[in-house]
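Scroll down for the structure; my scribbles are underneath it.
The values are calculated or read from the model by the stated rules, or taken from the named source; none is laboratory data. Computed from a predicted structure; not experimentally measured. Positions of Cβ are backbone-derived with ideal geometry, glycine not excepted, and every protein chain shown enters the neighbour counts. These area figures cover heavy atoms from the full protein model, side chains too; ligands, DNA and RNA do not enter into them. Shrake-Rupley method; radii C 1.70, N 1.55, O 1.52, S 1.80 Å.
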Amino acid sequence: MSRRKPLGLFITGTDTGVGKTYVGALIARELVQAGLRVGVYKPVASGCVREKGELISEDAVTLWEAAGKPLSLEEVCPQRFEAPLAPHLAARLEGKAVNPELLREGLRPWLEWADVVLIEGAGGLMSPISDEDYVADLAYEFGYPLLVVSKNVLGTINHTLLTLIAATTFREGLDIAGIVLNEPSPRDPEDVSVESNLAELAARCIPPVLAQVKYGESRFEPQVEWSAIVQKARPKKLPDW
């Protein structure tokens with residue numbers, strides 16, 4: 001790996017479908033507006049769509065466009081598979097396998113170019129990302145603090161706390177920059193927990209609950225100075241692969 005280590009965050013979630021990409025894109029736009037060169041990296045994606053014979057990760061496109069289309073879309077997400085399964089299973093259906101080395105080496109162009117790099121995992125922290133790796137393995141090896149995206153629904157307290165426990169006990173532990181409570185879909189009028197989840201998480205989580213994003217909104221409440229957050233998000237020493 002390159003010895004240059006830009007600032008960065010590793011964006012993970014309490015589950016799949018919690019809105020990691022949406023939150024990551026909001027952060028990327030704000031950092032670009034602050035004058036920073038923002039790299040975006042999604043090591044692998046499944047559930048991709050085929051356009052003109054090529055597999056496209058819609059998440060990767062969203063992140064890339066939010067960051068101002070740096071480098072190339074191929075470098076945002078170098079491994080893409082079609083089936084909406086865990087990446088190693090989606091690859092297997094195509095007679096392929098996720099390349100563990102490329103998962104790691106794919107970060108290199110962004111380390112050499114960016115001031116800040118936002119890395120988005122696939123699924124939750126303990127989701128398998130290859131035959132040998134979990135998302136947490138990459139988070140640990142890349143060395144960037146986690147930003148945990150939680151879904152504002154009934155059960156999010158348990159899901160969030162379990163994710164934090166997993167992070168702090170995985171290998172020597174993963175640093176956590178904070179938590180964002182997100183609403184990726186309209187509120188269920190019968191789910192009254194959406195009104196109390198933010199306060200409950202703030203009271204029970206040691207890492208700070210930085211903000212929430214309501215459905216359809218393009219802002220954080222309260223406003224977050226992401227440039228200040230990433231200034232504290234300095235990576236640990238990266239290993240030699």
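List of remarks:
- Residues of segment 2-54 classified as surrounded by fewer than 16 Cβ atoms within 10 Å (Cβ to Cβ) and either more than 16 Å from the chain's Cα centre (by Cα) or modelled with pLDDT of 95 or more (or both), total: 12
- For first residues located in segment 191-216 and crowded, with 19+ Cβ neighbours inside 10 Å, partners that are at pLDDT below 95 and lie 6+ apart or on another chain with Cβ distances below 7 Å form the pairs 194/187.
- Residue that is touching a helix residue (DSSP H, G or I) at 6+ places or on another chain (Cβ under 6 Å), among the charged types (D, E, K, R) and either farther than 18 Å from residue 20 by Cβ or open to solvent by 50 Å² or more (accessible area, probe 1.4 Å) (or both), where the choices are 132, 112, 120: 132
- Matching residues in segment 141-163 - criterion: being hydrophobic (A, V, I, L, M, F, W, C) and open to solvent by 20 Å² or more (accessible area, probe 1.4 Å): 153, 154, 157, 161, 162
- Evaluation of residue 128 against (1) touching a Lys or Arg at 6+ places or on another chain (Cβ under 9 Å); (2) touching a residue at least 24 places away in the same chain (Cβ under 8 Å) (one fails), failing number: (1)
- Single residue of 91, 97 found to be of a type outside the set (S, T, N, Q), under 17 Å from residue 133 (Cβ atoms) and surrounded by fewer than 17 Cβ atoms within 10 Å (Cβ to Cβ): 97
- Within segment 74-88, the set of residues being open to solvent by 50 Å² or more (accessible area, probe 1.4 Å) and either touching a strand residue (DSSP E or B) at 6+ places or on another chain (Cβ under 9 Å) or closer than 15 Å to residue 50 by Cβ (or both) comprises 75, 80, 82, 84.
- Counting only helices (runs of 4 or more DSSP H) that sit wholly inside segment 30-123, those with at least 2 residues that are of a type in the set (Gly, Ala, Ser) and out of contact with any Gly (no Cβ under 6 Å at 6 or more places or on another chain) are 58-66, 87-93.
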